[in-house]
Each structure stands twice: as C-alpha cells, then as structure tokens.
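What follows is a short report on a single structure.
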Amino acid sequence: MLHGAGRPRRYNGTEQAGSLACVPRLSEVIAALENLWPAERAESWDAVGTVVGDPDQEVSRVLFAVDPVQEIVDEAVKLGADLLVTHHPLYLRGTTTVAASTFKGRVVHTLIKNDIALHVAHTNADTADPGVSDALAGALDLRVVRPLVPDPDDPDGCRGLGRVCELDHPLTVREFAARAAERLPATAQGIRVAGDPEATLRTVAVSGGSGDGLFDEVRAAGVDAFLTADLRHHPASEALAHSPLALFDAAHWATEWPWCELAAAQLDEISDRNGWDLRVHVSKTVTDPWTAHAASPDSTAGAPN
Ligand SMILES: [Zn+2]
C-alpha cells in the first residue's frame, strides 16, 4: 500500500469505480517507481532516482521519455505535467553549476520554474523484470526465454541485462530486418544489418541501448542474431568473424523507447490500484541525435579506383 505522508490528501470529488479518486503526492508516486526499479539495482557508475522535485508536491500528470533534453522538458511544460520520468540520467557525473547558461542547467531551471519533478530509471530499468529489453522484445514480437546476462542476485533468474528470445516462426535476416524497421519507432538511421540476408533466424538476443559489450554473452547463448544499438566497427567485425551471427543495429533511442510505453502502463496500473487521479503520457518526440541518412547510391560498388 502506498499511503500518504501524514498530510491531508486533496480529494477532487471525481467518482472512479465507486470511490473517490485522489491526487497523489510526488513522494507516493516516487515510492511506486522505486518499487518497480529499486535504485540499489542500478550499476555503481549510474545516477538514478529523483533529480528535481518536492516530495510534497501533488502529481496529476506524468510524462515518460527516453532523454531529459530541453525539447522533452518543453513538451512536459506544454502538457502540464508535474513529473517527467526519463530513462537517461540528466547528470551522470557531479556538477558544480546548474546555471541556465548551460544546457543541463536550463533543463533544471525550466523544470523548477514549472513545478515539474524529474525522476530517472536507467540501468535499474534495464535489468528489471519486466525491463527495457522485455519492452524491446515485445515490440519485435519475440518470445523472451531468459536474460542474456542474468542478475546473480535474482533467485528466479528473470532479471538481468538483455534478453534471449525465440521467434514464433522462423524468419530470414531480410524479413526480420523489415519487421524491426516497421515495429520500432521511425528514425533517420533505420536498421543496419550484417549477415547473409537469406539466413534463417529462430533465436534472437536483444539488448536496448548500446550492446556491443555483450558479444561474449551473445556467442555463449548460441543465438542466430543480435539486435541492439551503437554497434562499433571492431566489435561487430570481430563478432562476425567468430561465428555466422546476424547483427541488427537500430538507433539507440528507438531500442529504448518501447520501455516508455511499458513503464507508463505499469504506472497506470498502480494508479488504478491506488485510486489515484493520475494521467500518464508517453512522449513521441524523436530525441535520437541523428536526423538524416544519405544512402550510398550503390553500396556494393566499394571505394573509387
Ligand atoms: Zn540508453
């Protein structure tokens, strides 16, 4: 139960399922989010939790997004949101200034001036059950079998980084690339593909965000393909030399955005359970930094003679 912090709660008089709906305090909503993604499950280098916000402020509108950038904060202002929840941290390292002359300081100023709280769930959402890669697998219609890198502290073996998945029906590399391009939110990058386009896929590992540090685990899982983001030349090239693996590289933002919808649905359910009068939104603004893609006229032609 998530009950108030000893202060009188404001009831707005709206009938919901026969009971009075109430506007929760930020502390109550944060407690619910912390229950989904406990801060202690974040990596030691990470910076998760509440960045801006008064625990006593009332929250009636929440916006989920991947990046705490000015564009998203402006969207939160326009929406009348009281709380912005993002996947990426605003400050990953310590800072000595929040002056509005810096772009992050401007974000902080805009949030505080508009009474909007900011809460971050990053690596603690990556490894959660369900987490970022479950949402990615769901968007791609994949059946999750197990985590790619299981969390040793989870006796059930459900939490961890990435997911090993199965396809309901085998697809070729070409078909699965088309599915990924269609199901993930549209970006300038689209999907980069490595591997024989006619090879058949039955199993796919996925990891939302930058995944090229996971090739050892992908190989150990014995999957036919790996879909992630930010694949660099050398790790990708070496992985392909090692085994006949197909690689799918999507835009970082696009691999993490499905989590926003999952997380919003989770908070919606908690809100219903608690009788909260809460509106939960997901930003559809593309905050991937890459905004255009010029395809080579003939990608098989190679370097000029
Ligand atoms: Zn990320």
Val98 more than 14 Å from Ser207 (Cβ to Cβ) and either assigned to a helix (DSSP H, G or I) or among the aromatic types (Phe, Trp, Tyr) (or both): no
Gly94 being surrounded by fewer than 19 Cβ atoms within 10 Å (Cβ to Cβ) and at pLDDT below 95: yes
Out of all the residues in the stretch 60-77, which are away from the ligand (no atom under 16 Å from the Cβ) and out of contact with any His (no Cβ under 8 Å at 6 or more places or on another chain)? Ser60, Gln70, Glu71, Val73, Asp74, Glu75, Ala76, Val77
Just to check your reading of the model, which residue among Leu267, Leu262, Leu240 is in contact (Cβ under 8 Å) with a residue 12 or more places away in the chain, surrounded by fewer than 16 Cβ atoms within 10 Å (Cβ to Cβ) and in a helix (DSSP H, G or I)? Leu240
Determine if the stretch 182-203 includes at least one residue that is within 16 Å of the ligand (Cβ to nearest atom), out of contact with any strand residue (DSSP E or B) (no Cβ under 8 Å at 6 or more places or on another chain) and modelled with pLDDT of 95 or more. yes
Which one is nearest to Leu148 (Cα to Cα), of the residues in the stretch 215-252 that are charged (D, E, K, R) and touching a His at 6+ places or on another chain (Cβ under 7 Å)? Arg219
Residue by residue through the stretch 212-246, note down the ones that are within 16 Å of the ligand (Cβ to nearest atom) and within 18 Å of Gly138 (Cα to Cα). Leu227, Thr228, Ala229
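The values are calculated or read from the model by the stated rules, or taken from the named source; none is laboratory data. Because the structure is predicted, anything quoted here is derived from the model rather than measured. Positions of Cβ are backbone-derived with ideal geometry, glycine not excepted, and every protein chain shown enters the neighbour counts.
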